[in-house]
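**Student:** Questions regarding the structure given below will be posed in turn.
The values are calculated or read from the model by the stated rules, or taken from the named source; none is laboratory data. Source: prediction; values computed, not measured. Positions of Cβ are generated from backbone atoms using ideal geometry, with glycine treated the same way; all protein chains shown enter the neighbour counts. Side chains included, ligands, DNA and RNA excluded: accessible areas come from the protein's heavy atoms. Shrake-Rupley method; radii C 1.70, N 1.55, O 1.52, S 1.80 Å.
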Amino acid sequence: MTFEDFLIPKTLDEAREALETLGDRGYALAGGTAFQYVADRPGATAVDITRLGLRGIDRTADGFRIGATTTLTDLVRYRAEGWVLDRVATRIPTHQVRNISTVGGNISRLFPWSDLPLALLVLEGRVVVSSDEERTYEALEFFTAQPLNRFGPGTLVTAVIVPAVAPPLGFGFKKESTTNAAFSLMTAAAAITLAGDRLDKVRLAANAALPVPMRLTEAEAALEGRPADPALFEAAIERGMAGLEWHGREGMSDEFARHLAAVILRDVLEEALRAAKGGAE
Amino acid sequence: MSIEKTIRLTLNGEAREFDVTAAESLLDLLRRSGLTGTKRGCEDGACGSCTVIMDGLAVNSCITFAFQAHDREVWTIEGIGEYGNPHPFQKAMVERAGVQCGFCIPGIVLAVKAMLDEIPNPSGGEILEHLDGNYCRCTGYEKIEDALHETIAETVGEEPLWTR
Ligand SMILES: Cc1cc2nc3c(=O)[nH]c(=O)nc-3n(C[C@H](O)[C@H](O)[C@H](O)COP(=O)(O)OP(=O)(O)OC[C@H]3O[C@@H](n4cnc5c(N)ncnc54)[C@H](O)[C@@H]3O)c2cc1C
Ligand code: FES
Ligand code: FES
């Protein structure tokens, strides 16, 4: 993206007002790391949103509220009981990118390699959006379409809310890439809530080998209410994967992408189950 | 047509003002200002050869717009060490032959400096986390690791937590 002008507002109202006035020409800019993938538009103006006081992580009664301009490195460094986003953020390359790119930027414009949306989908996180009024969206609803395309000018993501993760809730995340710094070939996340020795709630999502982050609801339905037995995972994954188009990236065939997806989906379910039982994550 | 505006920043310890366009990267601004130690490699945020330190953190100047540095503190390789008084890691890199063609080295020195300023005695995991954004096509990293190990041992005055 070749910007023609930039603004550096000091308050959320100022930023929103500028974006509203600019209309289609205005772009919120947080870390700015994604604009190399955005097509040029005449008159494009960047509105720097990193000085609006939207950075930081707060512990709430049942989880965490993360300001939109909190960086990925902030997620890596944060420590608290029940905090799992450090495990996702560490796998987003590279250190230099993590130092400047933000939670809001990672979820507002989706790419096939976007990682945080997967975690929000399986943890049933929420996204706080500010326009004329503040509205909170369930992750599932927020990610049904490219978020940037559904909100009008002047609308900003201001925070993300995730639950604390502790047994009987367990989380699993895995990403496969050719090198540590490469884009993902296949990423998956799972969250399992146990009720005794049964799978009470199962959330499973994938990206990279799919065009956008997606929940595999058929697989979830096939497992919920069943015994907490990893032997059931393979058939459920097969059901969840059916009907979706799995794409190989970086020279990988579609057939191999499908195979890799099945393996990684099983890995994250097993990891989430171990964690839900209180085992090592 | 890109509009020019003035930004202020502290560059290598000195208060400076620059007229920049919205399209200009921090890398372009630094290089046209004579600070050519900051290298242009992949220009898409993958290789780390353009690394500078902004507000204490290593960032890729190629995918950072110049205006993002407004009111911030930026350090480039020209501000780190001098002939006769190098940064301990620069000294160790020379002594341990950590440099071959040298293209990646300014970026690596800045990434290491930012890490050691924050964590003087990092663990192996912390080192991987801090240096996963710097490629070196020549050395195979071993001599760079030797130099880093020696730097940590010398600067903290005890055995590094990171065992090789
Ligand atoms: C080499 C490289 C590899 C990468 N690999 C991965 C990877 O494997 N996985 C992964 O998840 N990410 C990866 N990323 C990062 C990712 O692609 C994005 O670049 C990054 O997450 C965007 O964050 P940002 O703060 O820089 O956003 P920006 O670039 O500033 O903005 C991104 C988009 O979101 C909009 N936006 C930003 N903040 C808000 C807000 N608060 N409200 C509304 N809209 C907003 C902007 O207008 C823009 O359209 C990689 C990046 C690079 C450079
Ligand atoms: S030139 Fe900036 S990361 Fe490669
Ligand atoms: S010394 Fe040549 S790329 Fe590192």
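**Student:** Under the condition of being part of a strand (DSSP E or B) and among the acidic types (Asp, Glu), which residue from region B:7-24 is surrounded by the fewest Cβ atoms within 10 Å (Cβ to Cβ)? Steps first, please.
**Tutor:** First, pick out the residues of region B:7-24 that are part of a strand (DSSP E or B): B:7-11, B:14-21.
Now restrict to residues that are among the acidic types (Asp, Glu): B:14, B:17, B:19.
Details: B:14: 8, B:17: 10, B:19: 11.
Only one residue tops the list, namely B:14.
**Student:** If you don't mind, another one. Residue check, residue B:2 against (1) outside any helix (DSSP H, G or I); (2) more than 23 Å from residue A:2 (Cα to Cα); (3) out of contact with any Leu (no Cβ under 7 Å at 6 or more places or on another chain), all met but one. Which one?
**Tutor:** Going through (1) outside any helix (DSSP H, G or I); (2) more than 23 Å from residue A:2 (Cα to Cα); (3) out of contact with any Leu (no Cβ under 7 Å at 6 or more places or on another chain) one by one, residue B:2 breaks only (2).
**Student:** Also, I was wondering about something else. Of all residues being within 16 Å of ligand 1 (Cβ to nearest atom) and not in a helix (DSSP H, G or I) in region B:118-153, which is farthest from residue B:44 (Cα to Cα)? Just the residue, please.
**Tutor:** Among them, the one singled out is B:132.
**Student:** Can you tell me which residue in region B:25-44 is farthest from ligand 3 (Cβ to nearest atom), limited to those that are in a loop (DSSP other than H, G, I, E, B) and in contact (Cβ under 8 Å) with a residue 40 or more places away in the chain?
**Tutor:** Of the residues in region B:25-44, the ones in a loop (DSSP other than H, G, I, E, B) are B:33-44.
Next, only the ones that are in contact (Cβ under 8 Å) with a residue 40 or more places away in the chain stay: B:35, B:37-39, B:41.
Working: B:35: 19, B:37: 14, B:38: 15, B:39: 9, B:41: 9 Å.
In this case the residue turns out to be B:35.
**Student:** Further, regarding this structure: With respect to residue A:80, determine if the residue is among the aliphatic types (A, V, I, L, M) and either within 16 Å of residue A:158 (Cα to Cα) or open to solvent by less than 10 Å² (accessible area, probe 1.4 Å) (or both). Steps first, answer last, please.
**Tutor:** Numbers: among the aliphatic types (A, V, I, L, M): yes; either within 16 Å of residue A:158 (Cα to Cα) or open to solvent by less than 10 Å² (accessible area, probe 1.4 Å) (or both): no.
In short, no.
**Student:** Let me ask something additional. Kindly indicate whether residue A:210 is closer than 29 Å to residue A:253 by Cα, in contact (Cβ under 8 Å) with a residue 24 or more places away in the chain and of a type in the set (A, V, I, L, M). Can you show your working first?
**Tutor:** Numbers: closer than 29 Å to residue A:253 by Cα: yes; in contact (Cβ under 8 Å) with a residue 24 or more places away in the chain: yes; of a type in the set (A, V, I, L, M): yes.
Considered against the rule, which asks whether it is closer than 29 Å to residue A:253 by Cα, in contact (Cβ under 8 Å) with a residue 24 or more places away in the chain and of a type in the set (A, V, I, L, M), residue A:210 comes out as yes.
**Student:** Which of the residues that make up region B:45-58 are within 14 Å of ligand 1 (Cβ to nearest atom) and in a loop (DSSP other than H, G, I, E, B)?
**Tutor:** B:45, B:46, B:47, B:48, B:49, B:50
Yes or no, residue by residue, for (1) of a type outside the set (A, V, I, L, M, F, W, C); (2) farther than 23 Å from residue A:71 by Cβ; (3) modelled with pLDDT under 95:
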residue	(1), (2), (3)
B:28	yes, yes, no
B:32	yes, yes, no
B:35	no, yes, no
B:43	yes, no, no
B:64	yes, no, no
B:72	yes, no, no
B:78	yes, yes, no
B:83	yes, yes, yes
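**Student:** Can you name every residue in region B:125-164 that is in contact with a helix residue (DSSP H, G or I) (Cβ under 7 Å, 6 or more places away or on another chain), within 16 Å of ligand 3 (Cβ to nearest atom) and more than 14 Å from chain A (Cβ to nearest Cβ)?
**Tutor:** Scanning region B:125-164 gives B:144, B:147, B:148.
**Student:** Residues of region A:151-172 being open to solvent by 30 Å² or more (accessible area, probe 1.4 Å) and within 11 Å of ligand 1 (Cβ to nearest atom), which ones?
**Tutor:** Within region A:151-172, A:151, A:153, A:155 qualify.
**Student:** Condition first: outside any helix (DSSP H, G or I), without any contact (Cβ under 8 Å) to a residue 40 or more places away in the chain and within 9 Å of chain B (Cβ to nearest Cβ). Now tell me which residues in region A:73-113 satisfy that. Outline the logic, then answer.
**Tutor:** At the first step, the residues of region A:73-113 found to be outside any helix (DSSP H, G or I) are A:78-84, A:90-94, A:101-102, A:109-113.
Filter once more, keeping what is without any contact (Cβ under 8 Å) to a residue 40 or more places away in the chain: A:78-79, A:90, A:92.
A:90, the sole residue that qualifies.
**Student:** Looking only at region B:85-104, count every residue that is surrounded by fewer than 19 Cβ atoms within 10 Å (Cβ to Cβ), in contact (Cβ under 8 Å) with a residue 60 or more places away in the chain and within 13 Å of ligand 3 (Cβ to nearest atom) and tell me the total.
**Tutor:** 1
**Student:** Within region A:34-60, how many residues are of a type in the set (Asp, Glu) and either more than 11 Å from chain B (Cβ to nearest Cβ) or open to solvent by less than 30 Å² (accessible area, probe 1.4 Å) (or both)? Walk me through how you get there before you give the answer.
**Tutor:** If we filter region A:34-60 for residues that are of a type in the set (Asp, Glu), which is where we start, we get A:40, A:48, A:58.
Now restrict to residues that are either more than 11 Å from chain B (Cβ to nearest Cβ) or open to solvent by less than 30 Å² (accessible area, probe 1.4 Å) (or both): A:48, A:58.
So the count comes out to 2.
**Student:** Something else about it: Which residues, taken from region A:1-30, are among the polar types (S, T, N, Q) and within 9 Å of another protein chain (Cβ to nearest Cβ)? Give the steps one after another, and end with the answer.
**Tutor:** Looking only at region A:1-30, we keep the residues that are among the polar types (S, T, N, Q), and these are A:2, A:11, A:21.
The answer is A:2, and nothing else.
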